[in-house]
Structure formats: structure tokens, C-alpha cells
Amino acid sequence: TLIFLRSKLMRPVAFRVGLLAGLLSQFHGGKFVGVIVTASHNPVEDNGVKLVDPNGEMVIGIWENFATELANASNLSQVLNRIRKEMKISTENCVKVAIGRDTRPSGVELCKAIEFGVKSIKDSVNLVDLKLQTTPQFHFSVKFLNENDKNSSESLEYFEHFSSQFEKLLAGKRIEGQLVIDAAN
């Protein structure tokens, strides 16, 4: 889910995405989910907030609907309670959320609003600030946090993982000429 944010709407929507991320983590039994502030090739004044599931994938369609509903809600408590009921979310489940951003100046402020939203779901949460990351790197990091049951970004091995896989791919092969790698998507 990618929600674009502009001007004064940025903080309230980012806060609401933080609420949704907390619920999404509880829905997945307290696994890490991710929220990254990024808008790729859009102008610097545009921002996007992207939710990532525990597998490092985009969230499924129903959660996109919930994101839209929360973004437009006049009664947040009512919508949150309905989502909890509909998705059978236990408030006992812990909340783990990884937050990241791109280089836009507003990213730090929006991450704080997301964090505030996450902390509004449960008194104690596990928040990991992955700071500056590319979107593919962020997807990998969320998955890595869950697969390795890590609680910090210190052990994220994005570049090590892909360089070791590349070395395996080329093991025993002789390369002649120029090798070009397209890492997009």
C-alpha cells in the first residue's frame, strides 16, 4: 500500500498509517511489519507511506482498504475497533514495527508521526528505526528481522546477502567482457 501525502495532510495520515501498522503487526501474531516514507521519482514535496508485511511483501488488498478507510475516518476509535473485530486481532499480541525513510527532508518528521501512531496501539512496542534505506532494501530488512528474530538494524545484511548470492551464482564460471547488473525491481 502506498499512500501519497502532501503539505498539511502529511502528519495526520502518517500517524494513521502508524496505527494501521500496529494492528497489522498484531494481526500477524506480533511479527515485524514495516512502514517506509518514500515517493520514489515524485517531486520532493510529495511523500508516500508504504506498508510492508512480515514477509517483506506488499500488504494484501483488505489492508489497503483499511488504510484508505483510516485515512478518511472521522472517528478513528470506531474504525480501529471494527478492524480489530473483523480481522480477529488480539490486543494481547505484541507490536513490532520497522520504520524507514528516503532522503526527503520531511521523512524524519513523518517517521515521528508514524511512531506516535504505532505507540497509540499498545503501551509497549518494539520499534526499529532503519533510517535511510532504499525501498528494496527496506523490504529485505523487514523480512530479515522476522526470519532472524532480530530486534535491531545492526545485523541487517542486505549487501552481504546479495553479494554472497552473486558470488555463488558466478562460482566456477569464467566471465569475458563486461558484466552489467540491473538491480531495479
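Odds and ends about this structure:
- Ordered from largest to smallest accessible area (heavy atoms of protein chains, 1.4 Å probe), the residues Cys94, Cys111 come out as Cys94, Cys111.
- Among 48-58, 19-29, the peptide with the highest mean count of other Cβ atoms within 10 Å heads the list, and the full ranking is 19-29, 48-58.
- Checking the cross-link pairs Lys50/Lys131; Lys50/Lys122; Lys50/Lys96; Lys96/Lys168 against a 26 Å limit on the alpha carbon distance flags Lys96/Lys168 as lying beyond it.
- A Gaussian network model of the chain, with springs between Cα atoms under 10 Å, assigns the largest mean-square fluctuation among Arg84, Arg174, Arg101 to Arg174.
- Accessible surface area normalised per residue over the chain is 57 Å², counting heavy atoms of protein chains with a 1.4 Å rolling probe.
- Approximate spin-label separation Glu64-Ser90, in nm, with each point projected 7 Å along Cα-to-Cβ: 3.0
- Between the residues Gly22, Gly177, Thr103, the greatest Cα displacement towards the positive end of the dipole of the chain, with unit charges on the Cβ of Lys, Arg, Asp and Glu, is found for Gly22.
- The fraction of accessible area contributed by carbon and sulfur in the chain is 51 percent, rounded to a whole number (1.4 Å probe; ligands and nucleic acids excluded).
- Theoretical gain in end-to-end length, Gln137 to Ser74 [0.36 nm per residue, Cα-Cα removed]: 19.2 nm
- Dipole magnitude of the chain about its Cα centre (Cβ charges: Lys, Arg +1; Asp, Glu -1), debye to nearest 20: 500
The values are calculated or read from the model by the stated rules, or taken from the named source; none is laboratory data. The shown structure was predicted, so the numbers you read here are calculated from the model rather than taken from an experiment. Glycine gets a Cβ as well: all are built from the backbone with ideal geometry, and neighbour counts include every protein chain shown. Ligands, DNA and RNA are stripped out before the accessible areas are found, and what is left, the full protein with its side chains, is counted by its heavy atoms. Shrake-Rupley method; radii C 1.70, N 1.55, O 1.52, S 1.80 Å.
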